[in-house]
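The values are calculated or read from the model by the stated rules, or taken from the named source; none is laboratory data. All figures in this text were calculated on a predicted structure; none of them were measured in a lab. Cβ placement follows ideal geometry from the backbone for every residue including glycine, while neighbour counts extend to all protein chains displayed.
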Amino acid sequence: MTEPWAPINPPTIDPQSQPMASVSGTPSSRKLVLAGFGTALAAALLAWLLWSVAADNSPVFTTGENGEVIPADPDTDGGSGSGGGSDDDSGGSADESDEEPEDASGGIVGEDDPSETAEFDALIEELSAFVEAERELEFLEPVEVLQLDDDAFVDRYNALIDESVEEDREELDLFTGINQALGILPPGVTLLDATYAFGSAGVFGYYNPEDKELVVRGGEITVLLKTIIVHELVHAIDDQHFDLYRPEYDDRDDEISTGFSAIVEGNARRVENAWKDTLSADELAQLAADELQASLSMDLDFSKITFEYINLQLAPYEFGEVLVGVLDDEGGEDRINEALEEPPTTSEQVLRPERFVDLDPLESVSPPPADGDVVEQGVFGPLVFQTIFESTSGDDAKRALDGWEGDWFVVWEDGDNTCIRVDVLLEDSADIDELVDVMEKWTDSRGDRASAEKTSDDLARMTACTGR
């Protein structure tokens, strides 16, 4: 089972994606794409969010009652394109997704100019050599990098998304309901809507382990584009040696998809940072300018994206970088390679690297009772809890989950509504009351759609539904 909050694009998509969220996704039978917004996307998003405070310190964007990001002043341009959103919940992309994408070959940068093509090929050779040296591995075969203009890139990217979900429409609807119940998606917004909105605006490159395609976006060779290419080339060399396409993870009930994503993206971020360390002061200044420009030009539809969604998208990059850094200190490239072969199985091991190093086992938790036929179940994990509780409890959320030992969630459908219930086991029963308090602050914000309770000395239970 793929985690419902994991990105639609599996752990190799550099924008980062997973069903309970999605740009660097979750390995699955869906098209595994390592989306390349990588550090660039993270930097652009963070710059964009920082830019959401105007010069007079008044907020340009705020959070709506359903958690969506909206303009604070409807008369403010805000630079977000759709701003507060339209009455159309399809996000524009849903209708377009039914059409055949245009032939991307028409958008290949430099195809009519041999000198540009030669320059680009030389750049790929240079960056590939750097990645080989950092990874202490050799490419088993050259990587073909396709450079597309914006329109061709978005068409190609959306076609991959369409293909990845075509056979999983029913599961996609279920995952949408789960994410809406948890406040990760606003009501009326599907997981596919959010993926289109986030990906087409924020993804600058991707590597697809299934067909070995590496595609980047943009016509001019900038420092930012080079950074993205380095990140994606790390995915490519890791794929050639360790096979990043792992549909077998779909059958797992743990969080191995999240753990794998963190290792894959954290490792790419590590090598990317090593490449940045080689840049001159002028080049670093240009990179910062490129990232700011990218952030200001992002046409994100904030009516379809919550802060929780964004944080889950960025989690494999941010937490993965720390985890891989710990592994690098412990045993260098060999230890990182071992983690690619045997990744963390819980998000706790991602959030707290020492628990992956020590191989802390996951405690078994019995499934909580469901108020209907169970249609999905598995390990929920502290990452999603920490993400959704942050808005109501801040740092208390992380502290309340420090003693996480294991959990189990069940999902059922109640008419048109989707419900999820999670039982959580903590290491110290004395901490259960604190966790229940954090849960209640969040469930209170959801009205009668959610509840929390202490069911025993060492178990806390949370229930959340859509609608109601």
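When region 146-199 is examined, which residues are found to be within 27 Å of PHE409 (Cα to Cα) and among the acidic types (Asp, Glu)?
GLU166, GLU167, ASP168, GLU170, GLU171, ASP173, ASP193
Per-residue answers, yes or no, for (1) among the aliphatic types (A, V, I, L, M); (2) more than 30 Å from ARG135 (Cα to Cα); (3) within 16 Å of the chain's Cα centre (by Cα):
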{"site": "LEU312", "(1), (2), (3)": "yes, no, yes"}
{"site": "GLY325", "(1), (2), (3)": "no, no, no"}
{"site": "GLU338", "(1), (2), (3)": "no, no, no"}
{"site": "SER364", "(1), (2), (3)": "no, yes, no"}
{"site": "GLY372", "(1), (2), (3)": "no, yes, no"}
{"site": "PHE385", "(1), (2), (3)": "no, yes, yes"}
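Give region 387-400 a look and list any residue that's of a type outside the set (Gly, Ala, Ser) and either farther than 17 Å from ASP423 by Cβ or surrounded by fewer than 16 Cβ atoms within 10 Å (Cβ to Cβ) (or both), or say none.
Within region 387-400, THR387, GLU390, THR392, ASP395, ASP396, LYS398, ARG399 qualify.
For region 304-339, give me each residue that is of a type in the set (Val, Ile, Thr) and in contact with a Phe, Trp or Tyr (Cβ under 9 Å, 6 or more places away or on another chain). Reasoning before the result, please.
In the first step, residues of region 304-339 are kept if they are of a type in the set (Val, Ile, Thr); the result is 305-306, 310, 322, 324, 326, 336.
ILE305, ILE310, VAL326 - these are the residues of region 304-339 that are of a type in the set (Val, Ile, Thr) and in contact with a Phe, Trp or Tyr (Cβ under 9 Å, 6 or more places away or on another chain).
Restricting to region 444-457, name every residue that is in contact with a Ser or Thr (Cβ under 9 Å, 6 or more places away or on another chain) and surrounded by fewer than 19 Cβ atoms within 10 Å (Cβ to Cβ). Show your work before the answer.
Within region 444-457, the first condition is being in contact with a Ser or Thr (Cβ under 9 Å, 6 or more places away or on another chain), and the residues that meet it are 444-445, 449-453, 456-457.
Once the filter is applied, which keeps residues that are in contact with a Ser or Thr (Cβ under 9 Å, 6 or more places away or on another chain) and surrounded by fewer than 19 Cβ atoms within 10 Å (Cβ to Cβ), region 444-457 yields ASP444, SER445, ARG449, SER451, GLU453, SER456, ASP457.
Could you please tell me which pairs satisfy a Cβ distance under 9 Å, a separation of 6+ or placement on different chains, a first residue in region 129-147 that is surrounded by fewer than 21 Cβ atoms within 10 Å (Cβ to Cβ), and a second residue that is among the basic types (Lys, Arg)?
That search, which allows pairs on different chains as well, returns GLU134/ARG270; GLU141/LYS212; GLU144/LYS212; LEU146/ARG156.
Quick check, is ALA152 outside the structural domain of ILE420 (by TED's automatic domain parsing), farther than 22 Å from ARG269 by Cβ and under 19 Å from the mean Cα position of the chain (by Cα)?
Details: outside the structural domain of ILE420 (by TED's automatic domain parsing): yes; farther than 22 Å from ARG269 by Cβ: yes; under 19 Å from the mean Cα position of the chain (by Cα): no.
Judged against the criteria, ALA152 is not a match.
Which residues, taken from region 360-387, are without any contact (Cβ under 8 Å) to a residue 60 or more places away in the chain and either over 18 Å from GLY403 (Cβ atoms) or touching a Pro at 6+ places or on another chain (Cβ under 6 Å) (or both)?
In the first step, residues of region 360-387 are kept if they are without any contact (Cβ under 8 Å) to a residue 60 or more places away in the chain; the result is 360-361, 364, 366-367, 369-374, 380, 382, 385-386.
Passing the criteria: SER366, PRO367, PRO369, ALA370, ASP371, GLY372, ASP373, VAL374.
Looking only at residues that are buried (at least 19 other Cβ atoms within 10 Å of the Cβ) and of a type in the set (Asp, Glu) in region 256-278, which one is nearest to the chain's Cα centre (by Cα)?
Within region 256-278, the first condition is being buried (at least 19 other Cβ atoms within 10 Å of the Cβ), and the residues that meet it are 256-272, 275.
Right, trim to of a type in the set (Asp, Glu) and you get 265, 272.
Numbers: GLU265: 10, GLU272: 18 Å.
Filtering first and then ranking leaves GLU265.
Taking the criterion of being modelled with pLDDT under 95, surrounded by 15 or more Cβ atoms within 10 Å (Cβ to Cβ) and assigned to a helix (DSSP H, G or I), would at least one residue in region 234-255 satisfy it?
Yes: region 234-255 contains one or more residues that are modelled with pLDDT under 95, surrounded by 15 or more Cβ atoms within 10 Å (Cβ to Cβ) and assigned to a helix (DSSP H, G or I).
I want to confirm something. Restricting to region 244-275 and keeping residues that are in contact with a helix residue (DSSP H, G or I) (Cβ under 9 Å, 6 or more places away or on another chain) and of a type in the set (D, E, K, R), which single residue is farthest from GLN349 (Cα to Cα)?
Of the residues in region 244-275, the ones in contact with a helix residue (DSSP H, G or I) (Cβ under 9 Å, 6 or more places away or on another chain) are 244-246, 249-250, 255-275.
Pick out the ones that are also of a type in the set (D, E, K, R) and you get 246, 250, 255, 265, 269-270, 272.
Numbers: ARG246: 20, ASP250: 19, GLU255: 10, GLU265: 15, ARG269: 18, ARG270: 18, GLU272: 23 Å.
Within region 244-275, the match that is farthest from GLN349 (Cα to Cα) is GLU272.
With the condition being among the β-branched types (Val, Ile, Thr), I'd like the strands (runs of 3 or more DSSP E) fully within region 393-468 carrying at least 2 qualifying residues.
Details: elements: 404-414, 417-426, 450-456, 459-465.
Output list reads 404-414, 417-426.
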